[in-house]
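Have a look at the structure below, then the notes.
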């Protein structure tokens with residue numbers, strides 16, 4: 001178990017005009033672990049991810065990467081630290097093949113000519129490294145792939161760039177049972193390969209199947225970030241829907257309770 | 001890294017090396033799945049040629065064969081440019097009259113102002129790029145749909161041609177170099193040399209690619225298929241040049257009239273250049289990406305606005321090339337240059353060739369194949385002596401048919417998931 005988180009956020013605030021979407025959020029992702037980020041619709045999961053990936057600037061708070069404070073102002077900054085996001089609405093081009101999609105925007109060239117053989121080799125190696133054996137040919141158009149295969153390509157695309165932190169936004173939302181299992185296996189393998197993985201999901205079965213830690217957001221506040229083994233299914237659901245569960249959550253410390261925390265007197269009651 | 005050591009098989013090495021048989025089967029499966037490629041254009045070309053040859057035997061004469069090239073050249077050049085815009089899922093309705101404006105500039109600079117041909121050609125190309133830049137900025141930055149922007153351009157450029165022509169007079173082209181494009185011929189021997197260079201270059205590129213990929217252990221097309229492609233190109237070019245090198249003049253003693261029109265190698269160079277840009281450069285890749293999924297392209301860090309503007313610039317610049325060719329063919333420019341059905345022919349050529357109106361799919365060779373079909377239609381209808389009413393109706397129907405094939409094959413692809 002790594003002691004220092006790969007990415008640590010402290011006191012993140014984010015407002016859109018008068019609406020405060022994130023308040024004083026703390027979050028950590030550890031290398032070699034899958035951290036599940038859960039929360040109801042509108043809890044701020046996507047906003048938090050967009051802050052991490054540099055799409056939204058934050059109003060306050062600090063980022064620590066490998067223990068050192070950093071600033072992330074654009075997706076390019078995030079990519080330079082090895083942070084890759086796999087979005088829910090798969091950012092793949094249907095009319096391009098697997099290799100072309102994996103290298104889109106970052107093509108290998110020799111002179112002005114695209115270096116196709118190198119790209120194809122690197123793509124093959126990356127997919128082999130993830131033990132992906134379901135695609136027939138690397139040169140088939142993405143439109144001919146199944147949902148699970150597309151998700152696999154999207155994840156492989158994120159891994160290709162020696163990334164250190166991969167954030168997956170609802171990777172199994174649109175998939176069938178077998179394909180979900182495939183993708184979850186792949187998610188687990190990413191962490192086993194030493195990457196820090198953040199998995200956003202609504203599906204408690206998925207969360208408990210692969211995650212090492214669970215971070216719960218409730219109306220823009222991080223109500224708990226605990227080890228998966230220390231919490232039950234029912235408790236997570238309570239955290240998502242009510243923001244608290246027993247000693248965890250709101251009232252269980254200032255929204256944070258990595259080690260339980262003792263109940264505080266004042267509950268931030270203004271949340272509702 | 002525990003699991004990676006177990007299986008080192010890449011997905012590429014899992015599939016068995018393709019044979020000629022599997023290559024053919026894959027092709028047939030793709031066609032059944034709705035990815036028709038060049039099939040409709042080639043079939044249409046063969047059927048049309050057969051019909052016209054039976055009804056009007058003069059269609060198959062060497063002289064008429066040369067006519068096909070000079071008749072289709074301008075439309076083909078405009079269609080090449082349109083493919084860039086169509087790849088993005090946009091349309092440029094102004095391309096026809098943009099070519100007219102550029103031709104008018106050419107005529108004014110060359111004939112009225114008396115500058116040499118290269119100044120006139122540069123002025124025409126520059127005009128085309130300025131037009132494209134304007135259209136592109138209005139579409140990409142201001143956000144007006146390309147249909148509306150270019151429809152406005154269609155009307156406005158028609159007016160600009162009239163203004164440049166001083167209300168309807170026509171300007172004749174006297175510069176020999178410009179006239180030569182469509183009215184002079186490449187000497188037969190040089191024609192054969194050009195064929196040898198083209199086939200040799202294609203063979204070298206194909207074989208190098210094949211060797212390079214085999215050396216790296218990547219999946220390659222069977223070597224027999226590669227040889228087949230090279231042989232097919234050699235045969236087609238060989239026959240074409242042989243026929244074009246026949247004497248076409250009625251009385252060769254007075255004026256000899258043989259060899260391919262000079263416009264043919266010009267179009268061939270444009271075909272190779274733009275094909276290279278689209279399929280071998282990052283710019284081309286990004287163009288396809290924007291046409292396929294604009295949001296994905298944006299997230300991949302591609303400057304979508306820049307790509308969209310550049311496509312319109314290329315389209316209008318190629319329209320200028322088409323205008324120059326048209327001016328050369330007519331030896332003059334009049335207010336109708338680039339007008340009437342030039343645009344429809346060009347869009348038709350691109351779509352008949354296999355470029356999709358829905359974006360993301362198309363190649364430059366489509367313009368040549370589709371342009372050939374259009375040229376055969378124009379030529380054949382001329383030989384049949386149809387009235388212009390019948391010609392317009394038939395042309396409209398052909399365009400509709402091509403767009404219909406495009407839409408249906410797209411639906412079929414969506415159903416089978418092949419594209």
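Only the coordinates and a few stated rules stand behind these numbers; no lab work does. Remember, predicted model here, so these are calculated numbers, not experimental data. Here Cβ is always computed from backbone atoms with ideal geometry, including for glycine, and neighbour counts include all displayed protein chains.
Computed quantities for the displayed model
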| read-out | value |
| --- | --- |
| Shape category assigned to chain A from the gyration tensor of Cα positions, a/c cut at 1.5 | prolate |
| Nearest-0.05 FRET efficiency for residue B:306 and residue B:58, computed from C-beta distance (R0 60 Å) | 0.75 |
| Residue among B:80, B:224, B:129 with the largest mean-square fluctuation in a Gaussian network model of chain B, springs linking Cα atoms under 10 Å | B:224 |
| Peptide-level mean, for B:296-303, of C-beta atoms on other protein chains within 10 Å | 6 |
| Semi-axes of the equivalent ellipsoid for segment A:30-114, Cα gyration tensor, largest first, Å | 28, 18, 13 |
| Acute angle (nearest 10 degrees) that the helix A:116-129 long axis makes with the longest principal axis of chain A, alpha-carbon atoms | 50 |
| Distance (nanometres) between label positions extended 7 Å along Cα→Cβ at residue B:255 and residue B:202 | 3.2 |
| Tensor-based shape of segment B:243-369 (alpha-carbon gyration tensor, a/c under 1.5 rounded, otherwise prolate or oblate) | prolate |
| For the protein assembly as shown, the spread of Cα positions along each principal axis, largest first, Å | 109, 58, 42 |
| For B:272-282, mean number of other protein chain Cβ atoms within 10 Å | 2 |
| Per-peptide average of other Cβ atoms within 10 Å, ordering B:100-109, B:367-376, A:100-109 highest first | B:100-109, B:367-376, A:100-109 |
| Rough spin-label spacing in nm, given labels placed 7 Å along Cα→Cβ, for residue B:24 and residue B:233 | 2.3 |
| Equivalent ellipsoid, segment B:227-305 (semi-axes from 5 times Cα gyration tensor eigenvalues, Å) | 43, 16, 8 |
| Rg/Rh for segment B:318-419, where both radii come from Cα atoms and Rh is the Kirkwood radius | 1.03 |
| Least to most buried among A:136, A:45 (fewest other Cβ within 10 Å first) | A:136, A:45 |
| Listed peptides A:18-31, B:202-215, B:57-70 by packing density, highest first (mean Cβ within 10 Å) | A:18-31, B:57-70, B:202-215 |
| Radius, Kirkwood style, for chain B when every pair of distinct Cα atoms is counted (Å) | 22.9 |
| Distance (nanometres) between label positions extended 7 Å along Cα→Cβ at residue B:268 and residue A:16 | 5.9 |
| Choice from B:344, B:244, B:408 showing the highest fluctuation, given a GNM over chain B with Cα pairs closer than 10 Å | B:408 |
| Contact order normalised by residue count of segment B:248-328, Cα under 8 Å, 6+ apart, percent | 15 |
| Sites residue A:205 and residue A:131, calculated FRET efficiency, Cβ-Cβ separation with R0 25 Å, nearest 0.05 | 0.65 |
| Considering only chain A, percent of DSSP beta bridges that pair antiparallel, nearest 5 | 60 |
| Nearest 10 degrees, 0 to 90: helix A:177-192 Cα axis against chain A principal axis | 80 |
| Residues in segment B:68-87 that a label on residue B:414 would reach, taking backbone N under 14 Å of a point 7 Å out along Cα→Cβ | none |
| Tilt relative to chain A, helix A:147-159 - C-alpha long axis, 0 to 90 degrees, to 10 | 90 |
| Peptide A:108-118, shielding by other chains (average Cβ, 10 Å cutoff) | 3 |
| Order of A:63, A:16 - criterion: other Cβ atoms within 10 Å of each residue's Cβ, fewest first | A:16, A:63 |
| Value at 222 nm in deg cm²/dmol, rounded to 500, when DSSP H runs of n ≥ 4 in the protein assembly as shown each add -39,500 (n - 2.57) | -17500 deg cm²/dmol |
| Proxy reagent accessibility, fewest Cβ within 10 Å first, across B:283, B:288 | B:283, B:288 |
| Global geometry of segment B:89-219, whether rounded, prolate or oblate, following the gyration tensor of its Cα atoms and the 1.5 cut on a/c | oblate |
